[in-house]
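Written out below as structure tokens is the structure these notes cover.
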Amino acid sequence: MKKILSIDGGGIRGIMPAMVLAEIERRAGKRIAELFDLIAGTSTGGILALGLSKPDEAGKPQYKAEDLIQLYREKGSTIFSASVWDKITNAVGFIDEMYDAKGIESVLEFYFGQAELKDALTYLLITAYGIENRSAWFFKSKKAQEDGEYNFFMRDVARATSAAPTYFEPVKIESIKKSPLHDYYALVDGGMFANNPAMCAYVQARNTFPAEEVMLVSLGTGTQFKPIYHNEAKNWGKIGWASTVIDILFDGSSATVHYQLDNLLNSSNQAKRYFRFDEALDDKHNDLDNATDENIQYLINLSERLVRNQSAEIDIMVEMLLKNA
């Protein structure tokens, strides 16, 4: 049986799947890259996927999930940093992106340096969207190993998958081995079409391991239940819908994928093969870019509650991971 991990997008809320991943490592006594045959990620989930599969000089996983929790705690304010002057002149994101990319790029440089996609310790599938050719783009470590024109620095892959419109500017990246067909790739956040990349991961697993059964673990970054009242929304134009429509895209696609996989892999006549771990957010803590200490502590507390509430299911899932190791 092949084990697949999928991690949603969600900005600073990526600390939630990082907390669950740390618990999985603690219970299993192994690193995530040693437990899963393929890891898919979108946006903040893509950063986690890359971090967990980045090799050190000895060819072992450089980062534990616990290390990546610290990325959010210690570097979140650097990633989502804007001066008072920027906020005034930028009209809170309506004129330009809300955040200068220098912050996130400095963090990605710190964590990934010169690491290359082809060297990932397990198969990776990282989503992005090409804005010039208007198509979904998938960074695949297996393809990077086979063809140098599809090999990229991990830091560039992380920057591309997390280039959320209105938050960060689109990115232009080049492959390490220059392609004669493409001078560069212009990309934005993969959450535009796959904020929950679990179905993408499942399809890739079926193609990569056609003769194998699949077990899939999907990690969310918090579900929003804040209502959009008709009396308010009926008079919105482009500006009114600008931020809300992104939330709808993210939440709607995630819920749809969960419904599909739950019905596909958890039929009543076979053992459970699909696990989804997520938790409801309250209205005050659902922003993707709220890197305040208070909000991060809320997300940590919420993640600890998730682990407590789904502890038995985590045990079952870890037992299956180890049994099929």
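The values are calculated or read from the model by the stated rules, or taken from the named source; none is laboratory data. If you're wondering where the values come from, they're calculated on a predicted model, not measured in any experiment. Here the Cβ is made from the backbone with ideal geometry for all residues, glycine too, and neighbour counts use every protein chain on show. SASA here: full protein model, heavy atoms, side chains in, ligands and nucleic acids out. Shrake-Rupley method; radii C 1.70, N 1.55, O 1.52, S 1.80 Å.
Annotations
- Note on region 130-151: residues that are closer than 18 Å to residue 181 by Cα and not in a loop (DSSP other than H, G, I, E, B) total 12.
- Residue 229 hydroxyl-bearing (Ser, Thr, Tyr) and either more than 20 Å from residue 97 (Cα to Cα) or open to solvent by less than 30 Å² (accessible area, probe 1.4 Å) (or both): yes
- Search result, residues across region 50-65 that are farther than 11 Å from residue 115 by Cβ and among the small types (Gly, Ala, Ser): 58, 59, 65
- Test: residue in region 29-38 that is open to solvent by 20 Å² or more (accessible area, probe 1.4 Å), modelled with pLDDT under 95 and under 30 Å from residue 210 (Cα atoms): no
- Residue that is farthest from residue 3 (Cα to Cα) [pool: residues in region 237-276 that are among the aromatic types (Phe, Trp, Tyr) and open to solvent by less than 80 Å² (accessible area, probe 1.4 Å)]: 250
- For residue 184, the criteria (1) open to solvent by 60 Å² or more (accessible area, probe 1.4 Å); (2) within 19 Å of residue 125 (Cβ to Cβ); (3) not β-branched (Val, Ile, Thr) hold in every case but one, which is (2).
- Per the conditions (1) touching a helix residue (DSSP H, G or I) at 6+ places or on another chain (Cβ under 9 Å); (2) within 17 Å of residue 187 (Cβ to Cβ); (3) free of Cβ contacts under 8 Å to residues at least 60 places away in the same chain, the sole criterion not satisfied by residue 158 is (3).
- Contacts under 7 angstrom Cβ, first residue in region 121-139 being free of Cβ contacts under 8 Å to residues at least 24 places away in the same chain, partner of a type in the set (Lys, Arg) and open to solvent by less than 10 Å² (accessible area, probe 1.4 Å), 6 or more apart: none
- Within region 48-68, considering residues that are open to solvent by 20 Å² or more (accessible area, probe 1.4 Å) and not charged (D, E, K, R), the one farthest from residue 8 (Cα to Cα): 58
- Those residues of region 152-174 which are among the acidic types (Asp, Glu) and outside any helix (DSSP H, G or I), in sequence order: 169, 174
- Residues considered: 99, 72. Of these, the only one that is crowded, with 17+ Cβ neighbours inside 10 Å, among the hydroxyl-bearing types (Ser, Thr, Tyr) and modelled with pLDDT of 95 or more is 72.
- Of all residues in region 200-253, those satisfying the criterion of being under 20 Å from the mean Cα position of the chain (by Cα), modelled with pLDDT of 85 or more and of a type outside the set (A, V, I, L, M, F, W, C) are 202, 204, 218, 220, 221, 222, 223.
- Test result for residue 111, assigned to a helix (DSSP H, G or I) and aromatic (Phe, Trp, Tyr): yes
- Every condition in (1) modelled with pLDDT under 85; (2) over 24 Å from residue 5 (Cβ atoms) is met by residue 174 except one, and the failing one is (1).
- Identity of the residue in region 1-28, crowded, with 24+ Cβ neighbours inside 10 Å and part of a strand (DSSP E or B), that ends up farthest from the chain's Cα centre (by Cα): 4
- Among (1) at pLDDT 95 or above; (2) over 22 Å from the mean Cα position of the chain (by Cα) - the single one residue 264 does not satisfy: (1)
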